[in-house]
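Q: Have a look at this one before I ask anything.
Read the figures in this text as sums done on the coordinates, not as results from a lab. Since we're looking at a predicted model, the values are computed, not measured. A quick note on method: Cβ atoms are made from the backbone with ideal geometry, for glycine too, and the neighbour counts reach across all protein chains shown.
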Amino acid sequence: MKRMLSVVAVALAASLSSQAAFAQTLKTVKDRGVLSCGVSQGLPGFSSPDDKGNWTGLDVDVCRAIAAAVLNDPTKVKFVPLSAKDRFTALQSGEIDVLSRNTTWTVSRDTSLGVNFTGVTYYDGQGFLVKKALKVNSALELNSASICVQTGTTNEQNVADYFKGNNMKYEVIAFGTADETVKAYESGRCDVFTSDISQLYAERLKLANPADHAVLPEVISKEPLGPLVRHGDDQWFDIVKWTLFAMINAEELGITQKNVDEMAKSTKPELKRVFGTDGNLGEQLGLTKDWVSRIVKAVGNYGESFDRNVGAGSKLGIARGLNQLWNKGGIQYAPPIR
Amino acid sequence: MAIEARKPPSQFSARLRRALGGRAGWGGFAFQIVFVAALIWIGYEIYANARANLQAQRIASGFGFLSQTAGFGVSQSLIPYAETDSYTRVFFVGLLNTLLVAGIGIIFATIIGFVVGVGRLSPNWLVARIAGGYVELVRNLPLLFQILFWYLAVLGALPGPRQSISVFDNFFLRNRGLVVPRPMAESGLDAFSIAILLAVVASIVLRIYARRQLFQNGRVVTIWPYVVALLVGLPLVAVLLFGAPLSLEIPHLKGFNFSGGLRVVPEFVALTLALSTYTAAFIAENVRAGIQSVQKGQMEAGASLGFSHGKTLRLIVVPQAMRVILPPLTNQYLNLTKNSSLAVAIGYPDLFSVFAGTTMSQTGQAIEIIAITMGVYLLISLVTSAIMSFYGWRLNRSLGA
């Protein structure tokens, strides 16, 4: 129902409003006093509500960081849970200001959907989860398997490419939400559940006996996940983009949630630019001079957020791997703040 | 000066004026033109604005996407389909899956509905209570819940492929659905089909003859032994002369799944079961209301002619009740078809799931795809009600109403 509403909203918005309505997201958010952020329907580590109803996760931290930078309050976020196939419609229609929902950056999404990806919060790849009892050690042994996948994802297309490329037969059953997909896998309808590997680890935690299931070693695709905004509002695009870059730069510069106030007093030219004691980079973005302090105070730097939500400090315990900073062996890299 | 008699206005122009302007005459006609023009203008404005805004946001628009490669797999397809086919093909795959589930669902819902509806009025206390209980239980639970119940609780509880429940080593039931031997055409198929066709035609001719005898001469001709002999005998002769028409490909376990044989996916079974049992509860109530709307005297008239309860119902009451049953029955058929779009919850690839779901999120062309999907459901519904209206018209004619 919600989906139909947002489709109707797209049609109405597209037909009745003028272009200007989409161009002033910053003003709209400030007037509303709340950032509307599209997230998943519950994916531990990325975006899921805890037992008190507070949303946490890496994707959630991006929303909170934007709210901190724009509204000076990381709690002023309205989280809108969306299924994979409804997410773009919700963004196009203006129901949400930013979509931060483990979404893969591809050229077709960047162009024909009318959205812009702003960066990469997590470098991921697609994998397969199987029951250990099947005694399968490689994805190449999956000929004629039944595969559960969530509809509206890049996973659905990758799995078709992979099996065709390896001349294997398969049966794919596509479900509307992640929960339905996992439920069908658990009930034995499918031999395999396929998704981004981070998601496989997260969903495995929800299974009755996580130890009975294994992730196969093959990574069959590139899945750079990141936040995205609508076409047509360059200022808002910049703000979302640089919020994430600020988190990554903060880690590189050693600015943490704890030492942020100390560091702000620094006289190093680079830090003075970052903290706005010299120049007005924040104001050029449409924010305030202390935008980086606000972000780091609210959610910490990228590394802190990673560890807390998906890394060593979380239940998922995923290694940094590709998501380590560029100067520490990974590929996370942000343009400089200057 | 001669007084001319007032001429009556010419018939044609008066009729035209009435048709176009109603009682208000030409003034009303002008108003209608303005109104229609305004509607067209609003429609055009919406269209042009949507187009301009989509372009400004650089969201793809138009119907060019229909020829692009889909690139995703579909678990059930009535026509050959591969990942390299276009979105148009996906559309037809989804449409046929929707029609299949709706068609079979309607047949089952009608049968169950009539049995339960008549059962509710049965003089047998137990039958009436069981039918009543069925209706109250099924129609008061949400449909989505019932679909998930059949899918996860009933079919999901079946064993895996390697522990399938097998019947005569030919039929295998498991949580991946039902596998049955696949009939394969053999050389005798043509002769066999012709024999069946002949038998059916001959039976129809016999029936027409029997009815004519009944209505014109009042003579009851028993034809069923001949019909059975024809339907069984002729094909049998054909098989003896030309050899077996079909051979069966027996499924066997290979790798993860069965290879060979014909497979009915559990999503289809669950959806059909849920839709037909749910809609049947409503149809049962329609049938009961229809039968109760027929005067009690008709039942007594049947009894006084010496008809049994069943025969009175079949020959006297139900034909009259059909007039009342038909319009709400059409509603239920339409509901069933539209409710089949809940398929996405259990991964059945119907039109809504593969076209308004996957295709839409891959291409992002919400407006075009929703418009096409709405148009298709509308068309299916209109065709269904047209068929039902035709049936109703024939029924009324035969009842002389």
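Q: Cα-based Rg of segment B:96-192 per 2.2 N^0.38 Å, rounded to two decimals?
A: Working: Rg = 18.9 Å, N = 97, 2.2 N^0.38 = 12.5 Å.
Cα Rg divided by the expected 2.2 N^0.38 Å: 1.51.
Q: What's the Kirkwood radius of segment A:106-160 in Å, using all Cα pairs? Let's see the in-between values first.
A: Working: mean 1/r = 0.0711 Å⁻¹.
It is 14.1 Å.
Q: Going through the cross-link list A:Lys27/A:Lys265; A:Lys222/A:Lys328; A:Lys289/A:Lys328, which pairs have a Cα-Cα distance over 26 Å in this structure? Please list the in-between numbers first.
A: Details: A:Lys27/A:Lys265 31 Å; A:Lys222/A:Lys328 21 Å; A:Lys289/A:Lys328 29 Å.
Table pairs above 26 Å Cα-Cα are A:Lys27/A:Lys265; A:Lys289/A:Lys328.
Q: Modelled label-to-label distance, A:Gln235 and B:Ser247, 7 Å Cα→beta-carbon offset: nm?
A: 7.7 nm
Q: While we're looking at this one, here's another question. Short version: ³J(HN,Hα) in whole Hz for each residue of segment A:144-153, in order, from phi by Karplus 6.51 cos²θ - 1.76 cosθ + 1.60 (θ = phi - 60°), x for Gly and Pro, what are they?
A: My calculation for segment A:144-153 gives 6, 7, 8, 10, 8, 9, 8, 6, x, 10 Hz in order.
Q: I want to check the label-to-label distance for A:Glu270 and B:Ala289. Put each point 7 Å from Cα in the C-beta direction and report it in nm to one decimal.
A: 7.8 nm
Q: Follow-up. Give, in whole angstrom and from largest to smallest, the semi-axes √(5λ) of the equivalent ellipsoid of segment A:182-286, with λ running over the eigenvalues of the Cα gyration tensor. Could the numbers behind the result be given before it?
A: Details: eigenvalues 363, 72, 25 Å².
Its equivalent ellipsoid spans semi-axes of 43, 19, 11 Å.
Q: Mind jotting down a quarter of the surface of the convex hull over the alpha carbons of chain B, in square nanometres, one decimal? Kindly include the intermediate steps, with their values, before the conclusion.
A: Details: hull surface 144.2 nm².
Answer in nm², one decimal: 36.0.
Q: Can you tally the net charge around B:Gly132? Count Lys and Arg as +1, Asp and Glu as -1, for every other residue whose Cβ sits under 12 Å from the Cβ of B:Gly132. Before the final figure, lay out each step's value.
A: Values: positive: B:Arg120, B:Arg129, B:Arg139, B:Arg288; negative: B:Glu136, B:Glu285.
So the environment of B:Gly132 carries a net charge of +2.
Q: Normalised by the number of residues in segment A:128-221, what is the relative contact order in percent for Cα pairs under 8 Å and 6+ residues apart?
A: Working: 139 pairs, mean separation 41.8, N = 94.
For segment A:128-221, the relative contact order is 44 percent.
Q: Show me the helices of chain B, taken as full DSSP H stretches, that run 18 Å or more along their long axis by Cα and average 1.6 or above in Kyte-Doolittle hydropathy. Before the final figure, lay out each step's value.
A: Values: long enough: B:26-56 (45 Å, 0.88); B:87-120 (47 Å, 1.75); B:125-139 (21 Å, 0.85); B:189-212 (35 Å, 1.57); B:224-242 (27 Å, 2.34); B:266-293 (40 Å, 0.70); B:318-339 (30 Å, -0.07); B:366-398 (48 Å, 1.14).
Flagged H segments are B:87-120, B:224-242.
Q: Now, a different point. Taking R0 as 51 Å, what's the FRET efficiency between B:Tyr226 and A:Asp73 from their Cβ-Cβ distance, rounded to 0.05? Provide the component values of the computation, followed by the final result.
A: Numbers: r = 88 Å, r/R0 = 1.72.
Once rounded, the FRET efficiency stands at 0.05.
Q: Can you list the equivalent-ellipsoid semi-axes of the protein assembly as shown, largest first and in whole Å, using the square root of 5 times each Cα gyration tensor eigenvalue? Mind dumping the intermediate values first?
A: Numbers: eigenvalues 701, 300, 107 Å².
Calculated on Cα positions only, the semi-axes equal 59, 39, 23 Å.
Q: Please list, in chain and number order, the residues 5+ apart from A:Gln41 or on another chain whose amide H is under 5 Å from its amide H, with Hs placed from the backbone.
A: Amide H neighbours of A:Gln41: A:Leu82.
Q: If you take every DSSP beta bridge whose two residues both sit in segment A:128-221, what share of them, in percent to the nearest 5, is antiparallel? Before the final figure, lay out each step's value.
A: Details: 6 of 14 bridges.
For segment A:128-221, the DSSP antiparallel bridge percentage is about 45.
Q: Can you compute 3J(HN,Hα) from phi for each residue in segment A:128-139, using the Karplus curve 6.51 cos²θ - 1.76 cosθ + 1.60 with θ = phi - 60°, rounded to whole Hz and x for Gly and Pro?
A: 10, 10, 10, 6, 4, 4, 6, 6, 9, 10, 9, 5
Q: Would you work out which of A:Val136, A:Ala69, A:Leu99 lies farthest towards the positive end of the dipole of segment A:46-146, given +1 charges on the beta-carbon of Lys and Arg and -1 on that of Asp and Glu, about the Cα centre?
A: Comparing the listed Cα positions along the dipole, A:Val136 ranks first.
Q: Using amide H atoms built in the peptide plane, which far-off residues or other-chain residues are under 5 Å from A:Lys78 H to H?
A: A:Leu35, A:Ser36, A:Cys37
Q: How compact and how long is chain A, expressed as Rg and Dmax of its alpha-carbon atoms in Å?
A: 20.6, 64
Q: I would also like to ask the following. Could I get the Rg over Rh figure for segment A:29-123? Both from C-alpha atoms, Rh via Kirkwood, rounded to two places.
A: Details: Rg = 12.8 Å, Rh = 13.5 Å.
Taking Rh as the inverse mean 1/r over Cα pairs, Rg/Rh reads 0.95.
Q: What relative contact order, as a whole-number percentage, does chain B give when Cα pairs under 8 Å and 6 or more residues apart are counted? Can you show the working numbers first?
A: Values: 465 pairs, mean separation 84.8, N = 401.
Over chain B, the number comes to 21 percent.
Q: Next up: Which residues' amide hydrogens lie under 5 Å from the amide hydrogen of A:Leu287, considering only partners 5 or more residues apart or on another chain, with H built in the peptide plane?
A: Answer set, sorted by chain and number: none.
Q: In 5 Å bins starting at zero, report the fraction of Cα pairs in segment B:344-401 per bin as a rounded %.
A: 4, 17, 16, 15, 12, 9, 8, 7, 7, 4, 1, 0
Q: Students often forget the sequence filter, so: which aspartates and glutamates lie under 17 Å Cα-Cα from A:Lys272 once same-chain residues fewer than 8 apart are removed?
A: Excluding near neighbours in sequence, the set is A:Glu251, A:Glu252, A:Asp261, A:Glu262, A:Glu283, A:Asp290.
Q: I'm checking a number: the convex hull volume of the Cα atoms of segment B:191-294, normalised per residue, in Å³. What is it? Walk me through the numbers on the way to the answer.
A: Numbers: hull volume 17.1 nm³, N = 104.
Dividing the Cα hull volume of segment B:191-294 by its residues yields 165 Å³.
Q: What is the antiparallel percent of DSSP beta bridges lying wholly in the protein assembly as shown, to the nearest 5?
A: So the antiparallel bridges amount to about 70 percent of the total.
Q: Can you work out the Karplus-derived ³J(HN,Hα) for every residue in segment A:80-91? Use 6.51 cos²θ - 1.76 cosθ + 1.60 with θ = phi - 60°, whole Hz, and x for glycine or proline.
A: 10, x, 10, 7, 4, 7, 9, 4, 6, 4, 5, 6
Q: Determine by what factor the alpha-carbon radius of gyration of segment A:128-221 differs from 2.2 N^0.38 Å, reporting the quotient.
A: Numbers: Rg = 11.9 Å, N = 94, 2.2 N^0.38 = 12.4 Å.
Dividing the Cα radius of gyration by 2.2 N^0.38 Å gives 0.96.
Q: Dipole of the protein assembly as shown (Lys/Arg Cβ +1, Asp/Glu Cβ -1, origin at the Cα centre): which of B:Ile370, A:Val296, B:Ala14 lies farthest to the positive side?
A: B:Ala14
Q: Shifting gears a bit: Over segment B:276-401, with a single point scatterer placed on each C-alpha, what log10 of the ratio I(q)/I(0) does the Debye formula yield at q = 0.11, 0.18, 0.19, 0.23 1/Å?
A: -0.55, -0.98, -1.05, -1.27
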